[in-house]
Amino acid sequence: MTFARKKIAAFAAVAVAAALVLSGCADTGSGSGGSTEGEGGGSDNLSITFLPKNLGNPYFDTSSKGGKAAVDEFGGTFAEVGPAEATPDAQVSYINTATQQAVGALVVSANDPKAICDALNEARDAGVKVVTFDSDTNPECRDLFINQADSEGIAKVQVDLIADQIGGAGEVAILSASANATNQNAWIDLMKEYVASEYPDITIVETVYGDDDDQTSFDKTAALLQSHPNLKGIISPTTVGIAAAARYVSTSDFKGKVAITGLGTPNQMREYVEDGTVTAFALWNPADLGYLAAFAAKALIEGEITGAEGDTFEAGDLGEYTVGADGVVLLGDPFEFNADNIGEFDF
């Protein structure tokens, strides 16, 4: 079965908007306008700090550019901070610093669902609004979670893509990010359930972790292919992992024999689609994810919403969003990129 394609014309319009969003740049200083530090909890303190899993990750570079574009749009103050490596407790010191600076909101992609909870709740006690995006904490540790897409949908599209590419049968491995990544683990569990129910002739033989590091992911790909000589495909639900896996396969004897799919950005994956290493992959627009997260933070700071189910808020060019159960806001469905459409996107 194949993942249902959205109309290219409609998505191309989003891509044009995304390209405009990406013309900004993430920084570690202030954006235009906004209030000064030291006003934590105030309804006019639109100082918003993004804390991704790690810096130097192209996926988070893109989401932060979207966040900065939103903050600039509504006249707030943008900052981005973060660790070099995506380890469970590496974000704690940055949360503590932001709390001391009395920022209006923290927008965090969590490396671990529990390890940063105490620090986040101390920030909330100090009046800082906490929005998670991409990878959630435990719900009691934040005000809102901006989910890139429904977890079932994300799992389904990746399994359907690999099934299409290997003929619905064979050995498949998963190259994930860190072992503690909340979103990755949820998707992997759902992938396994979906494979078991819909693709009984596919076997997931191993899950390995590249820690969202390019070289580690590259080496893990090599090890998988050596350990499993009958491997027919690799699913990598992380933009760093899929690009590293494709890079390895593209110059190896496995090109054309082992399918690579998962979640990636068009600019990272373009050369591998064009040279035939990768047939298709999926993703949402990470710039839109950061943009939505920033507007959600603004709505919390200004008291427009509290994070309760049924709350609604405006997110600039993306329109109106509604808070769902457990304080979750859903960006939308994932989208399939392939040789027919990848040229229309630039992010």
Here the percent of antiparallel bridges among DSSP beta bridges lying wholly in the chain, to the nearest 5, is 15
If each K or R counts +1 and each D or E counts -1, the residues other than Pro286 whose Cβ falls under 14 Å of its Cβ total -3
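Arrange the peptides 302-314, 254-266 so that the one whose residues have, on average, the most other Cβ atoms within 10 Å appears first.
254-266, 302-314
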Hull volume per residue for the range 199-277, using the convex hull of the C-alpha atoms, in Å³ is 93
Helix 58-73 sits off the longest principal axis of the Cα atoms of the chain, rounded to the nearest 10 on a 0 to 90 degree scale, by 30
With Cα coordinates, the longest principal axis of the chain makes an angle with the long axis of helix 286-301, in degrees rounded to 10, of 30
Carbon plus sulfur, as percent of the 1.4 Å-probe accessible area of the range 147-260, comes to 46
Number of Lys pairs in the chain closer than 12 Å at Cα, excluding neighbours under 8 places apart unless interchain, is 4
Taking a crude spin-label model, label points 7 Å out from Cα along the C-beta direction, the Ala308 to Ala126 distance in nm is 2.8
Longest principal axis of the chain (C-alpha) makes with the long axis of helix 182-198 (C-alpha) an angle, in degrees to the nearest 10, of 40
Probe 1.4 Å, heavy atoms of protein chains only: per residue, the accessible area of the range 36-170 in Å² is 31
Length gained, Ala339-Phe74, 0.36 nm per residue minus C-alpha separation, equals 91.7 nm
Given unit charges at Cβ for Lys, Arg (+) and Asp, Glu (-), the dipole magnitude of the range 102-169 about its Cα centre in debye, nearest 20, is 140
Contact order relative to length for the range 225-347, counting C-alpha pairs under 8 Å separated by 6 or more residues, stands in percent at 23
Square roots of five times the C-alpha gyration tensor eigenvalues of the chain, ordered largest first and given in whole Å, equal 35, 20, 18
Expressed as a whole-number percentage, the relative contact order of the chain with C-alpha contacts under 8 angstrom and at least six residues apart is 20
In nanometres, the difference between 0.36 nm per residue of separation and the alpha-carbon distance of Lys255 and Glu152 is 34.1 nm
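The values are calculated or read from the model by the stated rules, or taken from the named source; none is laboratory data. Just so we're clear, the structure is a prediction, and the values are computed from it rather than from any experiment. Cβ atoms come from the backbone with ideal geometry, glycine included; neighbour counts cover every protein chain shown. Heads up: the accessible areas ignore ligands, DNA and RNA and are worked out on the full protein's heavy atoms, side chains in. Shrake-Rupley method; radii C 1.70, N 1.55, O 1.52, S 1.80 Å.
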